[in-house]
Amino acid sequence: MVILAPTASAIKEVHDIFIKQYGCSGYMCEGMVEGCLERAMTFVYDFKPFPKLFLKAGAIMYSFISFHPFVDANKRTAFETTKLFLRLNGYELRANADEAVAFTKAIADFKITDINEIAQWIKQRSKRTFSYTINCYLLKFVLNQYNKQLKLQPSAKIPNSIFLIANAVEIYPE
């Protein structure tokens with residue numbers, strides 16, 4: 001089984017949308033965008049610090065808020081990236097705006113630092129939806145077929161729609 005996650009370039013696009021609405025553009029450390037995502041997905045040998053989907057979601061949220069890769073909109077980007085990550089894997093995060101703002105501020109103020117606590121909060125407000133689940137399986141199928149085709153034929157022509165998806169979604173082993 002695999003897990004889908006937004007790529008660093010997709011996360012930067014999400015951030016840019018927030019900045020266009022309100023805020024200051026720029027990076028504190030551009031490479032940290034990828035680092036925040038990789039922290040949640042990485043494993044060393046057989047050790048997975050965040051082995052379950054909601055722990056990965058919690059690590060994503062915590063990392064983007066605490067490691068502060070952007071000059072502005074880190075909490076908004078963290079929350080939206082977490083929502084996107086869950087959607088790609090069949091879940092919908094349902095939290096009202098006041099609740100989300102209070103929670104992300106608590107993480108930013110280091111009142112909440114435990115990834116398990118963050119993961120539990122996310123899990124309590126997430127629901128598996130039929131449409132996201134179907135989209136998740138279809139996307140996994142398309143990306144796996146695309147990867148197999150490229151392994152067999154490295155010079156194969158890539159359809160534009162698949163190219164766009166492949167640049168926005170990364171496949172990770174579960």
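Figures for the structure shown
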{"quantity": "Any pair with Cβ under 6 angstrom, 6 or more apart, that starts in the stretch 38-55 at a residue that is assigned to a loop (DSSP other than H, G, I, E, B) and ends at one that is surrounded by 14 or more Cβ atoms within 10 Å (Cβ to Cβ)", "calculated": "F50/A40; F50/K56; F50/A59"}
{"quantity": "Filter pass, F70 being buried (at least 21 other Cβ atoms within 10 Å of the Cβ) and under 25 Å from K105 (Cβ atoms)", "calculated": "yes"}
{"quantity": "So V33, is it on the phi < 0 side of the Ramachandran plot and either touching an Asp or Glu at 6+ places or on another chain (Cβ under 7 Å) or without any contact (Cβ under 8 Å) to a residue 40 or more places away in the chain (or both)", "calculated": "yes"}
{"quantity": "Restricting the stretch 6-45 to residues that are at pLDDT 90 or above and of a type in the set (V, I, T), the residue that is farthest from Y172 (Cα to Cα)", "calculated": "I19"}
{"quantity": "Residue match in the stretch 93-106 (condition: of a type in the set (K, R), within 18 Å of the chain's Cα centre (by Cα), farther than 15 Å from I60 by Cβ and surrounded by 15 or more Cβ atoms within 10 Å (Cβ to Cβ))", "calculated": "no"}
{"quantity": "Count of residues meeting criterion [farther than 22 Å from A108 by Cβ and either crowded, with 20+ Cβ neighbours inside 10 Å or touching a His at 6+ places or on another chain (Cβ under 6 Å) (or both)] in the stretch 78-92", "calculated": "4"}
{"quantity": "A78 at pLDDT below 95 and under 16 Å from A8 (Cα atoms)", "calculated": "no"}
{"quantity": "Matching residues in the stretch 4-32 - criterion: being hydrophobic (A, V, I, L, M, F, W, C), surrounded by fewer than 16 Cβ atoms within 10 Å (Cβ to Cβ) and outside any helix (DSSP H, G or I)", "calculated": "C24, M28, C29"}
{"quantity": "The stretch 94-108 residues that are within 13 Å of I118 (Cβ to Cβ), paired with ones that are surrounded by fewer than 16 Cβ atoms within 10 Å (Cβ to Cβ) (beta carbon under 7 Å, 6 or more apart)", "calculated": "I107/S66"}
{"quantity": "Residue tally, condition of a type outside the set (G, A, S), crowded, with 23+ Cβ neighbours inside 10 Å and closer than 19 Å to K127 by Cβ, over the stretch 53-67", "calculated": "3"}
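The values are calculated or read from the model by the stated rules, or taken from the named source; none is laboratory data. Keep in mind the model is a prediction, meaning the values are calculated, not measured. Every residue, glycine as well, gets a Cβ built from its backbone with ideal geometry; the counts of neighbours run over all protein chains shown.
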